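These notes concern the structure reproduced below.
The values are calculated or read from the model by the stated rules, or taken from the named source; none is laboratory data. For clarity, every value in this text was computed on a predicted model and none was experimentally measured. Cβ placement follows ideal geometry from the backbone for every residue including glycine, while neighbour counts extend to all protein chains displayed. Side chains included, ligands, DNA and RNA excluded: accessible areas come from the protein's heavy atoms. Shrake-Rupley method; radii C 1.70, N 1.55, O 1.52, S 1.80 Å.
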Amino acid sequence: NFKLSKGGHNYGIQMLIYPDNGFEITVNDISEAEKSKVMKQQMTNNIAHELRTPVSSVRGYLETLITCPGIPEDRKNMFIDRAYVQTLRLSDLIRDIALITKIEEAPEQLQKEPVDLHNVVEEIFEEFRASLDVKQINTENVLEKGLVVQGNASLLYAIFRNLVENSVKYA
């Protein structure tokens, strides 16, 4: 068994040799499988990185609380609040991982329905209004009112929410 790349495609080649000196060669185009494998590796690496950050933060906050018993009450509360925010982030990441797994395992089970994207984005902007205002981020929903697509409402919501959330965090 070996792999060969030629002309932008990947091929899996297998050769069987029979006792009568006959042989059989099988060539399969494995380009899509290889792309999928690379995407899964990248996604796994990204997930590991995304999980490491909040876990490290929570650990740091908790270690500080445990090892420094004389911390003023207001500082303790700040560390607890920050740790709590990071656990919410972890919960969101775990939810996203579960959603990705569900999509990959049984895409046909995702319920599709008419979804108004303009309304979805408006709802997300409202959800993040306080954070957007604090960071002085102006938003404008340029999606046409009544722009309806056939899709999974919760998945579409998650996609747009993730985009807005990342904008708030990293803008």
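With N as its number of residues, the range 5-44 has a Cα radius of gyration that, divided by 2.2 N^0.38 Å, comes to 1.63.
Within 10 Å, at most 15 other Cβ atoms, and a DSSP state outside H, G, I, E, B define an exposed site. Report the longest part of the chain free of exposed GluC sites (Glu not before Pro). Of all site-free stretches, the longest is 1-139. Heavy-atom accessible surface of ILE100, to the nearest 10 Å², is about 60 Å², with a 1.4 Å probe and all protein chains retained.
Using the heavy atoms of the protein chains and a 1.4 angstrom probe, tell me the accessible area per residue for the range 1-128 in square angstrom. It would help to have the intermediate numbers written out before the result.
Numbers: 9550 Å² over 128 residues.
Averaged over the residues of the range 1-128, the accessible area is 75 Å².
The label point for LEU99 and the one for GLU140, both projected 7 Å from the Cα toward the Cβ, are 2.7 nm apart. Contact order, relative form, for the range 91-159: 47 percent (alpha carbon pairs under 8 Å, 6 or more residues apart, mean separation divided by residue count). Here the Kirkwood formula puts the hydrodynamic radius of the chain at 20.9 Å, using every distinct Cα pair.
For the modelled label position 7 Å from the Cα of GLU113 along Cα-to-Cβ, which residues of the range 135-163 have backbone nitrogen atoms closer than 13 Å? Of the residues in the range 135-163, 150-157 have backbone N under 13 Å from the label point off GLU113. Per-residue ellipticity at 222 nm, computed for the chain from helices alone with -39500 (n - 2.57) per DSSP H run of at least four residues, works out to -21500 deg cm²/dmol.
Could you please state how large a percent of the accessible area of the chain is carbon and sulfur, counting protein chains only and using a 1.4 Å probe? Let's see the in-between values first.
Details: 7080 of 12600 Å².
Carbon and sulfur together cover 56 percent of it.
Label positions at GLU32 and ASP20, each projected 7 Å from the Cα along the C-beta direction, are separated by 3.6 nm.
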